[in-house]
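Some notes on the structure that comes next.
The values are calculated or read from the model by the stated rules, or taken from the named source; none is laboratory data. Since the structure is predicted, the reported quantities are computational estimates derived from the model, not experimental observations. Don't worry about glycine lacking a Cβ; one is built from the backbone with ideal geometry, like all the others, and counts go over all protein chains shown.
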Amino acid sequence: MIRQWSAAGFLFLIRGKKRKVRWRGKLVKYSTVAARLEAEGAFRQSQKVTIKGKPGVQLIAETEVVLDRPATHKVDGQMMIIPGEAITLRLVIAKVVDPKSGEVLSTWYLLTNVPSEVPAEQIALWYYFRWQIESFFRLLKKGGQQLEYWQQESGLAILNRLLLASMACAIVWNLQRDKSAESVEFQKELVRLSGKRLKRGHPPTAGILLDGLCSLFRMIDYLDEENSDHSKIGKLKKTAKKFMPELIKS
């Protein structure tokens, strides 16, 4: 695929996986390249980022690699080895580390044919934006949204629900950025409503907060439909205790 993109004149940016590349005349793994560059002091601080709900510092290093291994394609149900021309690419290695402990939170091996006039920091930022988009999709599939199980059939109905779901995601992201005492307390309540448990010392993830927010919206909607008759809540609790005495507290 990479050779096809290159032959067609496309500019591309992809994340490398477990394949090997030719670097300084040898066929090596990406991790080997990263370790060598780190020993040479090639990594430089790029920017502060947030990943998996935790603050981090992004470190960048860049080098040139060659893809010269044959490609594999399935032909008539069988995997075939297909040789191709060698392609020289930029390998941008982006590491995100914990600013306090120095723990590596994530490492990206980014391959691109974008001209060298575009700095490596910009390339890493582009992929970080893509990661944010992927995180948004994952949030829509979970967090009480369950996008893949929506039953709306018309384009307008899907758009309306997508807008509502996106608004809920935006609320959660704003809460995560808000460090006020009121926001922290509200997040604790959303975690309780989500029914999830957090690891000690870890901030709530966007998915957990969204789960709790959806539960809160459903609860508010129920109370509105019942004309704020809070006495009915007490009756429901008594009924639930009758059928589930071991689960409902007195």
Do the conditions hold for Trp126, that is, is it part of a helix (DSSP H, G or I), touching a residue at least 60 places away in the same chain (Cβ under 8 Å) and not aliphatic (A, V, I, L, M)?
-> yes
Only one of Val92, Val33 that is free of Cβ contacts under 8 Å to residues at least 60 places away in the same chain, over 30 Å from Lys199 (Cβ atoms) and under 28 Å from the mean Cα position of the chain (by Cα) = Val92
Can you tell me how many residues in region 17-39 are in a helix (DSSP H, G or I) and either under 18 Å from Thr112 (Cβ atoms) or touching a Gly at 6+ places or on another chain (Cβ under 7 Å) (or both)?
-> 4
Going by the conditions given, is Glu134 free of Cβ contacts under 8 Å to residues at least 24 places away in the same chain, of a type outside the set (A, V, I, L, M, F, W, C) and over 21 Å from Asp211 (Cβ atoms)?
-> no
Checked pairs for region 103-122, first touching a residue at least 12 places away in the same chain (Cβ under 8 Å), second among the hydroxyl-bearing types (Ser, Thr, Tyr), C-beta under 6 Å and 6 or more apart or across chains, list as Tyr109/Tyr30; Leu110/Tyr127; Glu121/Ser46
May I ask you to verify whether Ala124 is out of contact with any Gly (no Cβ under 6 Å at 6 or more places or on another chain) and either crowded, with 17+ Cβ neighbours inside 10 Å or on the phi > 0 side of the Ramachandran plot (or both)?
-> yes
Going by the structure shown, is Ala42 touching a strand residue (DSSP E or B) at 6+ places or on another chain (Cβ under 6 Å) and not in a strand (DSSP E or B)?
-> yes
Scan region 165-182 and give yes if some residue there is among the basic types (Lys, Arg), loosely packed, with under 10 Cβ neighbours inside 10 Å and not in a loop (DSSP other than H, G, I, E, B), otherwise no.
-> yes
Given (1) modelled with pLDDT of 90 or more; (2) not hydrophobic (A, V, I, L, M, F, W, C); (3) not in a loop (DSSP other than H, G, I, E, B), where does Ser106 come up short, assuming only one miss?
-> (1)
Within region 33-58, considering residues that are hydrophobic (A, V, I, L, M, F, W, C) and out of contact with any Leu (no Cβ under 6 Å at 6 or more places or on another chain), the one surrounded by the most Cβ atoms within 10 Å (Cβ to Cβ) = Val33
Restricted to region 144-196 and to residues being among the hydroxyl-bearing types (Ser, Thr, Tyr) and within 27 Å of Val49 (Cα to Cα), the residue farthest from the chain's Cα centre (by Cα) is Ser180
Which of (1) over 30 Å from Val21 (Cβ atoms); (2) modelled with pLDDT of 85 or more; (3) surrounded by fewer than 17 Cβ atoms within 10 Å (Cβ to Cβ) does Pro119 not meet, given it meets every other one?
-> (1)
